[in-house]
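Undergrad: Sharing a structure with you now.
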Amino acid sequence: MAIMEGDEDKAKEYAHEVLRSQMDPLKAVEQGLSKGMIVLGERFEKGEIFLPDLLIAADAFNSAVEILKPAMEAQKKQVAKAGKVLIGTVNGDVHGIGKNIVAVVLEANGFEVVDIGVDKPSLKFVEEAEKVKADVIGLSSLMTTTMPSQKEVIDILKEMNLRQKYLVIIGGGPVTKEWADKIGADGYAGSAFQAVEVIKKLLGQKGIAD
Amino acid sequence: MINFLEVYERAIKGPIMSEKDFDMKVFIPKLKNVVKTYGIQYDRETPVPSDDEATDHLYKAAVDFLSQVGVYCQNTNRVIQFTEEEILEAVREAPGKCFAGEGKEAGVFGMRKPDERKVPWFHVGSGIVTTSEEMATNKIENYASIAEVNSISIPALDSIRGVPVMAGSPAELYAAIRGVKIGREALRRAGRPGLPIMNLISTAAAAVTTIAASAPQFGLRPTDGWLCGAISEMKIDFGTMNKVAYLLNWGANIGAETSPILGGYCGGPAGTAVVSTAYILMGLLVQKGSYQLSFPIHFKYGCCTTRDVLWTVSASCQAASRNIPMPVIWLGYMAGGPNTKMYFYEAAAYLLCAVASGAPSVQTPHPAKAVKIDAFTPMECQFGVEMAKAAAQIHRPQANEMVIRLLEKYESQIEMAPSGSRYQDCYDVVSGKPGEDYVRLYDEVKAELVRMGIPLT
């Protein structure tokens, strides 16, 4: 309920209550807090709530998880992640909202997301993906003149013999499935929820998903 | 009004904070609070409201909001702040008109009020990418051949000598200069070289490209118009500020470009209407616009013709037209593409909504969410002008009824809207004439709209 209401104080209180009552912290996250985020994600998709509600809830979720983390680590437990996604907006493009929406919806669906921001050079995507050991690279572009940078990231991966290591998903206003096929991306997402579906499906095929 | 160097000083001296803190701790909570305090409410049954008191309340909410939130500078991570008095001073001193064009095409782009019968300034065309120079020339010549047209937008080019244009690259610079030359040449071919081009520089993502292609030897004049965009939401960067600095030094027309996103950080329609109105104040204060290009858009559908976005456009257009002397071009992205009935239903709804609400100018509604390459034809320009003229004869309550009837025709199809034909699929690219099928469809839809009571001639 604390997550659904986006109430950070209540979420923290819930986490402390979990610790006080010696409940299983992992169970509290997976069967309590995470479920709240998934329900909110579904409501967002239906247009019943908007991005601010989701962001506030995500903050409440993260605050509660931070409190529970030491207890989980002590029990050598960690929340199962659906996969690690490195996401950003490509070189020359300063548009970030679409990318931010995808990031928060992915997090709501159990993905670990590393957001490197907007207007990032193509090589940076590859370097950061290597550094954080990502499973997926998500490339956002909102302008037709920045779409070639999506191709450039894929080309760099090929040149560095890293193409098979990562799934590359592209999206953004002018981006289409045809463009994704043309440049050799693994997937195209027309919305944040398509991104979740596509990444889950592709990771499943690759045998990475839980 | 405070000058631009003062704005810059505030960008380097204002309160410092992370962008996330600006979004989460300033923008979102203060917007929610302003919406609540001023009782801004969306009514889905009234996409075109007629309540002047509520409209003026929305304006006051926008002033309050901007004074509380400010504008975030992404390069310095600081907030450019304005007091309420400074905002009101900028409103008092705003000229409310923009002088554009040369010679016999010179004109004054001024204000309109809601329900005013004066026709809006007709701005036609689009920056949607066009893949060949010949097509670009034909299209621009066609736009300019519409007698009523006051100003135009020219398309962007996606390549130069076969080399794809990449943002901020030398190829972009070459293409931007080429695009400007094509634009002016096409206007000469139409016999209207003085017509102002007001979406400069369409083939430029980087400030350096804008500044380079603006050199007068390539054909541009201060009486054209340059778009200097804010970043959603309530943000700016040095790229845009550099363009503003250059254009102010030249004395050229600046178009403050803003696109609040419904469903994004603004939340629902009430919050988006506040931000949409506040952006026009920001256009006066930060970009120092002599005009504004505004297009509130839906985050999920990427178009401006959902019921809630139409309400947002109408409410913020009325708030601005009644209270802020800034000539605004209202631009809508349609979900349907060229050569589809859906496009025309959406365009009719959008133009009724904006023109009845006092839009000083409307631009040709852009087909296929403005993202399909080559998906823009002169036919949409012709319709935009005819429909805007008709809409100027319609008052808000009647426009509201018509918009509701049009929504019934297309609303359920927005998610899976047909993207329509490309220019080369429905036009003869050599003669620049539309195909028979498209002409037939156009005539059919027009007759249908006339039967609905829209006074199209």
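The values are calculated or read from the model by the stated rules, or taken from the named source; none is laboratory data. Keep in mind the model is a prediction, meaning the values are calculated, not measured. Quick reminder, even Gly has a Cβ in these numbers, built from the backbone with ideal geometry, and neighbours come from all protein chains shown. Each accessible area value is taken on the protein alone, full model and side chains, heavy atoms only, with ligands, DNA and RNA left out. Shrake-Rupley method; radii C 1.70, N 1.55, O 1.52, S 1.80 Å.
Undergrad: For chain B, just run the numbers: alpha carbon Rg, then divide by 2.2 N^0.38 Å, N being how many residues it has.
TA: In units of the globular-protein estimate, chain B measures up at 0.91.
Undergrad: If you don't mind, there's one more thing I want to ask. Taking 56 Å as R0, compute the FRET efficiency from the Cβ-Cβ separation of B:Ile12 and B:Ala447 and round it to 0.05.
TA: After rounding, the FRET efficiency stands at 0.40.
Undergrad: Could you work out the local net charge near B:Val362, counting Lys and Arg as +1, Asp and Glu as -1, over the other residues with Cβ closer than 11 Å to its Cβ?
TA: +2
Undergrad: How far is the Cα center of region B:361-417 from the Cα center of region B:51-95, in Å?
TA: Computed from Cα coordinates, the inter-centre distance equals 30 Å.
Undergrad: Where in region B:297-324 does accessible area fall by at least 10 Å² between the isolated chain and the complete protein assembly, at a 1.4 Å probe radius?
TA: By number: B:Phe299, B:Lys300.
Undergrad: Can you give me the Rg/Rh ratio for region B:153-299, using Cα atoms for both radii and the Kirkwood formula for Rh?
TA: Rg divided by Rh gives 1.00.
Undergrad: Right, another one. Work out which residues of region A:138-177 lose at minimum 40 square angstrom of accessible surface when the other protein chains are put back, relative to the chain isolated, with a 1.4 angstrom probe, and list them by number.
TA: Residues meeting the cut-off: A:Thr144, A:Thr145, A:Pro148.
Undergrad: Counting residues in region A:107-204 as N, plug N into 2.2 N^0.38 Å and put the Cα Rg over that result.
TA: 0.99
Undergrad: Also: Based on the Cα atoms of region B:231-345, what semi-axes does the equivalent ellipsoid have, where each is the square root of 5 times one gyration tensor eigenvalue, given in whole Å with the largest first?
TA: Taking √(5λ) for each eigenvalue gives 25, 16, 14 Å, largest first.
Undergrad: Here's a follow-up. Can you give the three extents of the C-alpha atoms in region A:62-147 along their principal axes, from longest to shortest, in whole Å?
TA: The Cα atoms of region A:62-147 stretch 50, 24, 17 Å along their principal axes.
Undergrad: Can you list the HN-Hα couplings for region B:8-24, worked out from phi with the Karplus curve (6.51, -1.76, 1.60; θ = phi - 60°), rounded to whole Hz and with x for Gly and Pro?
TA: Whole-Hz 3J(HN,Hα) from phi for region B:8-24: 4, 4, 5, 5, 9, 10, x, x, 8, 6, 6, 5, 5, 5, 4, 5, 8.
Undergrad: In square angstrom and rounded to 100, what buried accessible area do you get between chains A and B, total over both, with the probe at 1.4 Å?
TA: Buried area between the two chains comes out at roughly 2000 Å².
Undergrad: Which one, A:Gly184, A:Gly173, A:Gly32, projects farthest toward the positive side of the charge dipole computed for chain A from Cβ point charges (K/R +1, D/E -1)?
TA: A:Gly184
Undergrad: Sticking with this structure for a sec: Per residue of A:48-54, what is the mean number of Cβ atoms on other protein chains within 10 angstrom of that residue's Cβ?
TA: For this peptide, the per-residue mean of nearby foreign Cβ atoms is 6.
Undergrad: Among A:96-102, A:183-189, what's the highest-first ranking by average C-beta atoms within 10 angstrom per residue?
TA: Going from most to least packed, we get A:96-102, A:183-189.
Undergrad: Just in region A:101-210: which trypsin sites (Lys or Arg not before Pro) are loop by DSSP and have at most 11 other Cβ atoms within 10 Å?
TA: For trypsin sites (Lys or Arg not before Pro) across region A:101-210 that sit outside H, G, I, E and B with at most 11 neighbouring Cβ atoms in 10 Å, the list reads A:Lys133.
Undergrad: What translational diffusion coefficient, in µm²/s and rounded to a whole number, does the Stokes-Einstein relation yield for region A:158-210 at 10 °C and a viscosity of 1.306 mPa s, taking the hydrodynamic radius as the Kirkwood radius over Cα pairs?
TA: Rounded, D is 136 µm²/s.
Undergrad: Next question. On average, how many beta carbons from a partner chain sit within 10 Å of the beta carbon of a residue in A:183-194?
TA: 1
Undergrad: Give the accessible surface of chain A per residue, rounded to a whole number of Å², with probe radius 1.4 Å and ligands, DNA and RNA excluded.
TA: Value for chain A: 46 Å² per residue.
Undergrad: Right, next: Could you list, bin by bin from short to long, the percent of Cα-Cα pairs of the protein assembly as shown in 20 Å steps?
TA: All Cα pairs, binned at 20 Å, distribute as 19, 53, 25, 3, 0 percent.
Undergrad: Determine the share of chain A's accessible area contributed by carbon and sulfur atoms, expressed in whole percent, with a 1.4 angstrom probe.
TA: 51
Undergrad: Residue by residue through B:150-162, how many Cβ atoms from other chains fall within 10 Å of the Cβ on average?
TA: 1
Undergrad: Output wanted: per-residue J couplings in Hz (rounded whole) for region A:128-134, from phi through Karplus 6.51 cos²θ - 1.76 cosθ + 1.60, θ = phi - 60°, x for Gly and Pro.
TA: The phi angles translate into 5, 4, 5, 4, 8, 6, 6 Hz.
Undergrad: Using a 1.4 angstrom probe with every protein chain in place, what is the largest-first accessible-area order of A:Glu13, B:Glu401, B:Glu380?
TA: B:Glu401, A:Glu13, B:Glu380
Undergrad: Follow-up. Extension gain B:Glu415-B:Arg44, at 0.36 nm per residue separation less the Cα-Cα distance, in nm?
TA: Contour length minus Cα-Cα distance gives 131.7 nm.
Undergrad: In the protein assembly as shown, if the dipole is taken from +1 on Lys/Arg beta carbons and -1 on Asp/Glu beta carbons about the Cα centre, which of B:Gly289, B:Ala273, B:Met234 is farthest to the positive end?
TA: B:Gly289
Undergrad: Charges only on Cβ, +1 for Lys and Arg, -1 for Asp and Glu: so what's the dipole of chain B about the Cα centre, in debye to the nearest 20?
TA: Dipole size: approximately 460 debye.
Undergrad: Which percent of the Cα-Cα distances in region B:53-195 go past 17 Å?
TA: When every Cα pair of region B:53-195 is considered, 72 percent fall beyond 17 Å.
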